[in-house]
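Here's the structure we're looking at; comments come further down.
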Amino acid sequence: QVQLVESGGGLVQAGGSLRLSCVVSESIARANMIRWFRQAPGKERELVATSTSSGLLKPVDSVKGRFTFSADNAKNTAYLQMINLKPEDTAVYYCNAIIQTASYWGPGTQVTVSS
């Protein structure tokens with residue numbers, strides 16, 4: 001079974017930066033789509049950014065210009081570079097991969113942004 005593991009979360013002050021990593025147990029080149037989601041306490045999980053295998057990135061408006069997707073196919077790792085973090089970015093961040101017809105999720109990594 002395909003497994004995803006996120007890392008890179010932590011505590012950062014407003015205006016700081018973090019880079020999240022998502023290691024996939026098989027080649028991410030096979031992924032039809034890789035997405036980052038987040039879920040804040042008491043809120044529904046929300047989409048942060050979507051990227052196809054061609055590299056098309058569709059971030060949500062609230063993170064546009066601050067979050068950047070990248071990937072290292074050789075390491076089977078996708079990244080979410082986050083800059084100018086805001087307290088409202090605080091959430092558990094999840095990596096999601098669509099491979100063929102299946103959807104796979106990681107356990108998430110906590111991002112906390114203090115004022």
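The table below gives the values:
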read-out: Subset of region 88-115 [open to solvent by 50 Å² or more (accessible area, probe 1.4 Å) and either touching a Pro at 6+ places or on another chain (Cβ under 6 Å) or without any contact (Cβ under 8 Å) to a residue 60 or more places away in the chain (or both)]; value: E88, T101, S103, S115
read-out: Region 65-87, subset hydrophobic (A, V, I, L, M, F, W, C) and within 19 Å of V12 (Cα to Cα), residue most open to solvent (accessible area, probe 1.4 Å); value: I83
read-out: Selected residue (only one of S17, S62 is open to solvent by 40 Å² or more (accessible area, probe 1.4 Å) and touching a strand residue (DSSP E or B) at 6+ places or on another chain (Cβ under 8 Å)); value: S17
read-out: Residues located in region 20-35, provided they are in a strand (DSSP E or B) and open to solvent by 50 Å² or more (accessible area, probe 1.4 Å); value: V23, N32, M33, R35
read-out: Residues satisfying the stated conditions in region 52-100, i.e. in contact with a Gly (Cβ under 9 Å, 6 or more places away or on another chain), modelled with pLDDT under 90 and either charged (D, E, K, R) or not in a strand (DSSP E or B) (or both); value: P59
read-out: Output for region 16-34, where each listed residue is of a type in the set (D, E, K, R) and under 14 Å from I99 (Cβ atoms); value: E26, R30
read-out: Residues within region 92-107 that are over 13 Å from R35 (Cβ atoms) and under 11 Å from the mean Cα position of the chain (by Cα), tallied; value: 1
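The values are calculated or read from the model by the stated rules, or taken from the named source; none is laboratory data. From a predicted model like this one, the values you see are computed outputs, not experimental measurements. For neighbour counting, all protein chains shown are included, and Cβ atoms are generated from backbone atoms with ideal geometry for every residue, glycine included. For the accessible areas, the whole protein counts, side chains as well, though only heavy atoms, and no ligand, DNA or RNA atoms are used. Shrake-Rupley method; radii C 1.70, N 1.55, O 1.52, S 1.80 Å.
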